[in-house]
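Below is one structure; the comments refer to it alone.
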Amino acid sequence: MDKIIIHGGKRLKGEVQVSGAKNSALPLLFATLLAPGVHRVSNVPHLRDIDTAEKLLKILGAQVERENGTFAVDASSIESVEAPYDLVRTMRASVLVLGPLLARCGHARVSLPGGCAIGARPINLHLKGFEALGAKITLDHGYVEARARGGLRGGRIRFDIPTVGGTENLLMAATLAKGTTVIENAACEPEIVDLAEALTKMGARIKGAGSDTISIEGVRELQPFAHAVMPDRIEAGTFLIAAAMTRGEVRVRGLCAAHQEALVLKLREAGVEISGEGDELRVKGPRKILPVDIRTCPYPGFPTDMQAQFMALMTLADGASVISENVFENRFMHVCELQRMGADIAIDGHTAVVRGVKKLFGAPVMATDLRASASLVLAGLAADNTTEVARIYHLDRGYERIEEKLKGLGADVERVRE
């Protein structure tokens, strides 16, 4: 098992290129199951979750070739409709094969994903949506068995709360349903728009992606597509905060500035200088970090996936800030590890009060989930002395070559085998 060792105190300077978004690449790869033929998905990051997705596609019968971030997926033959527990338990996004398999084959058997470190993330909203499209759902020994004899039919779906995975799953399924499907209270994240654009290239008829109401007019068949994955807005945001915490000057390239608006607003409140537009932003860290309150909520609000990283920034603020987590119930597990580095944080339910300290100090810490691990790396970059971040397989699920990118900005970072 690897760990990352960080000798902190270095100002980050230079340019860094953002990779493709994991949270977009995964549904795009699974969307290839909707139509026979060879699909091409480019700008795919090299991550553990992408490796898992490749294994799952092959188990289902697809032929997969990958080279330099481009996947060629031949989904001409679907040999299995079962996503086994051994894969689904390592990556919750595996449940996104349910919609494509059900739409194309009329049958899917997918393992329930089980527990998640950051809280309960049930797929009941997915299943209610499939039932609204005429599928029969049964639970059998930890598996979801979904059948749609005669095919899916259009229907009206209203989510109790916006769900990104549920919206993606039902969006893919509805493309081949008979009639029109309307998804209300849909997730509005940019990754939904990216998926809808790819499905449209396949011949799907979709209106409203990116809003809370999406309409899909089903078609009889879809065609192979070629599509480039959108930039990873969470990776981009993590580098913006890295520059701010180290009082650095960094140009973050290959992002979509429009996707960073909520984060940029809060960073500017914290005294961080940010300029640029389009596909790059330039950030300059302040001499004094100002305290800022945040509340996480669905897009276009402040993203829950940036909460841990922003908390790391606030540990060095000149004053107290209040961070409210409104999406996942267990997403403060990084707090104990930040406290080991000298952070002053008090938790009350879904709220954390962060009182800034003058310095953080290097310490051995342990990652508990993907974004928590990023917050510990950020803290290590700004801390005095040496920080060792263990269990970084979490980090490898969502950040492509992060230690190499940080080295390119002047950080003293190395990956070692424990």
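Quick note: the coordinates plus some simple rules give every number you see, no bench work behind them. Small disclaimer: the values here were computed from a predicted structure and weren't measured. Cβ atoms come from the backbone with ideal geometry, glycine included; neighbour counts cover every protein chain shown.
For a test of the definition: using alpha carbon positions, the gyration tensor, and the 1.5 limit on a/c, classify segment 312-369 as rounded, prolate or oblate.
Oblate.
Mind checking the angle between helix 370-382 and the chain's longest principal axis? C-alpha axes, 0 to 90 degrees, to the nearest 10.
The helix 370-382 is inclined about 20 degrees to the chain.
Round to the nearest 10 and give me the degree value, 0 to 90, for the angle of helix 48-60's Cα axis relative to the longest principal axis of the chain.
Approximately 10 degrees, to the nearest ten.
Looking at segment 222-321, which GluC sites (Glu not before Pro) are in a loop (DSSP not H, G, I, E or B) and have at most 15 other Cβ atoms within 10 Å?
277
How high is the FRET efficiency from residue 51 to residue 86, r the C-beta distance, R0 22 Å, rounded to 0.05?
0.95
Can you give me the P(r) profile for segment 306-418? Cα pairs, bins 5 angstrom wide beginning at 0, each as a whole percent.
2, 12, 23, 25, 19, 11, 5, 1
Amide H neighbours of residue 178 under 5 Å, at least 5 residues apart or on other chains, H built in the peptide plane: list them.
Placed amide hydrogens put 152, 153, 154 under 5 Å from residue 178.
If you project the alpha carbons of segment 98-198 onto their three principal axes, what span does each projection cover, largest first, in Å?
Its Cα atoms span 38, 34, 24 Å along the three principal axes.
Tell me, what is a quarter of the convex hull surface for the C-alpha atoms of segment 30-88, in nm² with one decimal?
Taking a quarter of the hull surface, the average projection is 3.7 nm².
5 Å is the cut-off here: which amide hydrogens, built 1.01 Å from N in the peptide plane, fall below it relative to residue 366, excluding neighbours closer than 5 in sequence?
When sequence neighbours closer than 5 places are left aside, the close amide H contacts are 390.
Any number yet on Rg/Rh for segment 1-145, C-alpha, Kirkwood?
Taking Rh as the inverse mean 1/r over Cα pairs, Rg/Rh reads 1.05.
With N residues in segment 231-320, what two-decimal value do you get for its Cα radius of gyration over 2.2 N^0.38 Å?
That ratio works out to 0.97.
Loop only per DSSP, at most 15 neighbouring Cβ atoms within 10 Å: give me the trypsin sites (Lys or Arg not before Pro) in segment 148-194, ordered by residue number.
Within segment 148-194, the qualifying trypsin sites (Lys or Arg not before Pro) (loop, at most 15 other Cβ atoms within 10 Å) are 149.
Mind listing which GluC sites (Glu not before Pro) in segment 52-85 are in a DSSP loop and have 11 or fewer other Cβ atoms within 10 Å?
Passing both the DSSP loop test and the Cβ count: 79.
At 222 nm, what helix-only mean residue ellipticity would the chain give, in deg cm²/dmol to the nearest 500, using -39500 (n - 2.57) for each DSSP H run of four or more?
-8500 deg cm²/dmol
Where both partners of a DSSP beta bridge lie in segment 22-228, what percent of those bridges are antiparallel, to the nearest 5?
Taking every DSSP beta bridge with both residues in segment 22-228, the antiparallel ones total about 75 percent.
Could you run the Debye sum over the Cα atoms of segment 15-62, one equal point scatterer each and no solvent, and tell me log10 of I(q)/I(0) at q = 0.14, 0.18, 0.32 Å⁻¹, two decimals?
Debye intensities relative to I(0), on a log10 scale: -0.36, -0.56, -1.36.
If each residue's Cβ is checked for other Cβ atoms within 10 Å, how do 39, 350 rank with the fewest at the top?
350, 39
Translational diffusion coefficient, Stokes-Einstein: compute it for segment 131-188 using the Kirkwood radius over C-alpha pairs as Rh, at 10 °C and 1.306 mPa s, and state it as an integer in µm² s⁻¹.
132 µm²/s
Evaluate 2.2 N^0.38 Å with N set to the residue count of segment 341-407, then give the Cα radius of gyration divided by it.
Cα-based Rg divided by the globular estimate yields 1.18.
Taking only the alpha-carbon atoms of segment 199-244, what semi-axes of the equivalent ellipsoid follow from 5 times the gyration tensor eigenvalues under a square root, in whole Å, largest first?
33, 15, 5
Among DSSP bridges having both ends in the chain, what percentage is antiparallel? Round to the nearest 5.
70 percent
What is the helix-to-structure angle for 233-245, meaning the angle in degrees between its Cα long axis and the longest Cα principal axis of the chain, kept from 0 to 90 and rounded to the nearest 10?
Between helix and principal axis, roughly 0 degrees.
Just from the alpha-carbon atoms, what are the Rg and Dmax of segment 22-228 in angstroms?
Looking at segment 22-228, its Cα Rg and Dmax stand at 15.2, 41 Å.
Say we join alpha carbon atoms closer than 10 Å with springs in a Gaussian network model of the chain; which of 285, 362, 150 then has the biggest fluctuation?
Of the options given, 150 has the highest mean-square fluctuation.
Given the alpha-carbon gyration tensor of segment 191-280, what are the semi-axes of its equivalent ellipsoid in whole angstrom, ordered largest first, with each equal to the square root of 5 times an eigenvalue?
Equivalent ellipsoid semi-axes, largest first: 35, 14, 8 Å.
Name the residue farthest towards the positive end of the dipole of the chain from the options 395, 411, 313, assuming +1 on Cβ of Lys and Arg, -1 on Cβ of Asp and Glu, about the Cα centre.
Ranked along the dipole, the leading option is 313.
With no solvent and one equal point scatterer placed on each C-alpha of the chain, evaluate the Debye formula and give log10 I(q)/I(0) for q = 0.06, 0.08, 0.14 Å⁻¹, two decimals.
-0.24, -0.43, -1.22
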